[in-house]
Structure formats: C-alpha cells, structure tokens
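In what follows, a single structure is set out as structure tokens and then discussed.
The values are calculated or read from the model by the stated rules, or taken from the named source; none is laboratory data. Model, not experiment: these values are computed from the prediction. Here Cβ is always computed from backbone atoms with ideal geometry, including for glycine, and neighbour counts include all displayed protein chains. Protein only, heavy atoms only, side chains kept; ligands, DNA and RNA dropped before computing areas. Shrake-Rupley method; radii C 1.70, N 1.55, O 1.52, S 1.80 Å.
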Amino acid sequence: MSDPFFHPVSGFDLPRFAGVPSFMRLPHVPLDHPRLSEVQLGLVGVPWDSGTTNRPGPRHGPRQLRDASTMIRAQHGVTGLRPFEMVNCADLGDVGPNPADIPDSMARITAFFDDLRGHGITPLTAGGDHLTSLPVLRALAKDAPLGMVHFDSHTDLFHSYFGGTMYTHGTPFRRAVEEGLLDPARVVQIGIRGTAYDSEDRDFARSVGIRVIPIEEFHARGTADVMAEARQIVGDAPTYVSYDIDFVDPAFAPGTGTPEVGGPNSHQALEVVRALHGLNIAGADLVEVSPPFDPGGGTAFLGVSIMFELLCVMAPAIAGAGPAAS
C-alpha cells in the first residue's frame, strides 16, 4: 500500500475544476523535495518541440495534459486496478528546456532523467515532440540497450533532414540505435502509415532487424494478435514504451502536428496499452499532443487516458519488484 501523501486529490474533496492542476491531481514533488527518494513512479513534463519540422505546438502539450488529467480518477474502469494505492506516484514537474538550442535542451533532459534513475524512479513522460525520447533513452539505457514498443504512424528512423540536420522528431530512433540505446532486434513499431518521402526509414529498419507493423496489418490481424507478437519480440528484458498520439486516427486525436488518416480508434488506442501488462517497462512516454490544433482538448484527454493506461501496466510491476525495477 502506498503512502497516502502520494495519492491524488479526490473530486469528492475538491472539485476537479479547482486547485492547481498537476498530473492526475498527484502531489508535486520537484527534484529538491525532501520526499523525492520515496517516489517510485514519476510523471514528468517535457514542454519542448524544437525538433518539429512542420507544425509546432507540442511544447504546450504538458500543460494541457495536466489540465485534462484532473478528470482521471483513482480506479481503472475495466480491471478495477487502483495504481495510486500500489506505488508512490508524483508529478515531478517539467524539465526546463532551452527552446533556442537543441543540444543544450537534450543535455538538460538527460540530466533530469539521470537524476530520476539515480533515485530508482520509473518515469512516465509527457512531451513534447518525439525527439524528446532520445535524451530520455540516453539516461535510461546508459548501462545496456533497451527493447521498445513504439506506437506511431511514423517510424522516426530517418537519417537526417534538410541536408544534414541529425536531430529532429523524425530521427530519434535512428540515433538511439546508432548510439546503442536500443536493441533493434527487440524493437517493434506499430501503426506505421501515410505517404512517404522515400523508403529510407523502412530500409534501415530491415537492415538492423526492427519489426515494422504497418496499419494495414494491424487492422487485418487485430489488436490481440499484433500485441502478442509485440510481447514476444521484446520479451522479459527491460523495455521502453513510446506512444505518439498520431498513432490514433485524427478523427479521434486531431491535436497533433503530423496527422495520418486510417489509424486506430480511441478504444483501440487504450487496448494496445492494456496488452503490455506484465512487461518489464523501464520507462514510457506520450508525445506529440499539440493543443493549438485541438482547442476543444479532446486529444489531450485521450492522451492522459493513455498515460493512465500506461501507469496501470507499470505500477503492478514496480509494486512487485520494488523501485529498483526501473
């Protein structure tokens, strides 16, 4: 049973529209907080989109996600799981980026997650564009490469953009493989679709052994079959989960910079995460929520609902193995 200090504020005690919004109404525990060492699962915002190459806006994602997350309650509606009673959860605040300097921002992000790792905290991150995942992986995979389950409509495996720019939201996992942060034989990318510049990213995936499951295959086989294969690919070793909101069809998640039609619906968006139960998850992220493209906030609410699903598959593993599991 977790410490009540780390439980969210109930809507029965304070209306959901009142108070300062934190992720899921959890306590705010910054890195200098005296109880940081007691946190087991930390929610982190990375308000940064300097890797975006077309429509910006994900830098505003964490703030809108926090606001939307006040609607998340303490118990899973299907499984009955109560994750906040299983492990000590907290909102650890935001990594402060340098919006004018990509390398400096990545160094700041890596340093922040290095600190969390040193405290034995498993992170659940809200971006930010998808380049955010690279500096997080630099911290979490410092000792050994991780596997990865990646939900997206894009592979993010391109070599470079604009004649040699190596760090964009279309290149993070190419860099992660090159840097030895990911074991490509234990990486699966699900939902890939849309028009393409060329086949360079798919060619790279084939050359290193990354399994790409296009959206047509996902729809033909169904969630259960595809996720059974994903679980087999990553196995029992430590695995990162990266979830780009544009995995979901833009009819359900319009607030993103690079939408692609033909994707899963919102129910399938939750189903795929539930199928991760029991995996050895070293960390996870939800990225590319862009509030300017969805003023109504439905994308952010779907985003935090996905984050709650991730929390519900991470918490039992942490509770069973202790904070060192991260």
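All but one of (1) small (Gly, Ala, Ser); (2) within 19 Å of Ile306 (Cβ to Cβ); (3) out of contact with any helix residue (DSSP H, G or I) (no Cβ under 7 Å at 6 or more places or on another chain) hold for Ala282; which doesn't?
Of (1) small (Gly, Ala, Ser); (2) within 19 Å of Ile306 (Cβ to Cβ); (3) out of contact with any helix residue (DSSP H, G or I) (no Cβ under 7 Å at 6 or more places or on another chain), only one is false for Ala282: (3).
Give me the residue from the stretch 160-205 that is of a type in the set (Val, Ile, Thr) and surrounded by fewer than 24 Cβ atoms within 10 Å (Cβ to Cβ) and, out of that set, nearest to Ile102 (Cα to Cα).
Thr168
So which residues in the stretch 80-125 are touching a helix residue (DSSP H, G or I) at 6+ places or on another chain (Cβ under 7 Å) and hydroxyl-bearing (Ser, Thr, Tyr)?
Thr110, Thr122, Thr125, listed by residue number.
Taking the condition of being assigned to a loop (DSSP other than H, G, I, E, B), touching a residue at least 40 places away in the same chain (Cβ under 8 Å) and within 16 Å of Val136 (Cα to Cα), how many residues in the stretch 175-203 meet it?
2
Out of the stretch 129-180, which residues are among the acidic types (Asp, Glu) and touching a strand residue (DSSP E or B) at 6+ places or on another chain (Cβ under 9 Å)?
Passing the criteria: Asp129, Asp152, Asp156.
Would you call Asp246 open to solvent by less than 10 Å² (accessible area, probe 1.4 Å), of a type in the set (D, E, K, R) and either modelled with pLDDT of 95 or more or on the phi > 0 side of the Ramachandran plot (or both)?
It is true that Asp246 is open to solvent by less than 10 Å² (accessible area, probe 1.4 Å), of a type in the set (D, E, K, R) and either modelled with pLDDT of 95 or more or on the phi > 0 side of the Ramachandran plot (or both).
For the stretch 40-139, which strands (runs of 3 or more DSSP E) that fit wholly inside it have 1 or more residues that are farther than 24 Å from Gly257 by Cα, of a type in the set (Val, Ile, Thr) and open to solvent by less than 10 Å² (accessible area, probe 1.4 Å)?
122-127
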